[in-house]
Amino acid sequence: MPKVDGIEVLRRLKSDPQLRKLPVIMLTTTDDPREIQRCHLLGCNSYIVKPVDYDKFAEAIKQLGMFVSLVQVPEINGMP
């Protein structure tokens, strides 16, 4: 991402009252435990390290589906 990294995008999403409930999956090459913890503290729902392991990715999507079914996700610009 030019000039903005994934953590900054996550920070902006979670600081916006209209967007903070959006589920976020971080997909990155960084496997540093401090970075992973930082993302979870900022509110990411799942953290996947590239190259992507299919089973881990499928499980993250499955958990995301369960999350969305339990939590009301906000509309964005009038779109559900």
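Each reported figure results from applying straightforward, stated rules to the coordinates on display, with no laboratory input. Since the model is a prediction, treat every value here as computed from it, not as a measurement. Cβ atoms come from the backbone with ideal geometry, glycine included; neighbour counts cover every protein chain shown.
Overview of results
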{"read-out": "Protection proxy ranking of 40-49, 14-23 - average other beta-carbon atoms within 10 Å, highest first", "value": "40-49, 14-23"}
{"read-out": "√(5λ) per eigenvalue of the Cα gyration tensor, segment 6-70, largest first, Å", "value": "19, 17, 8"}
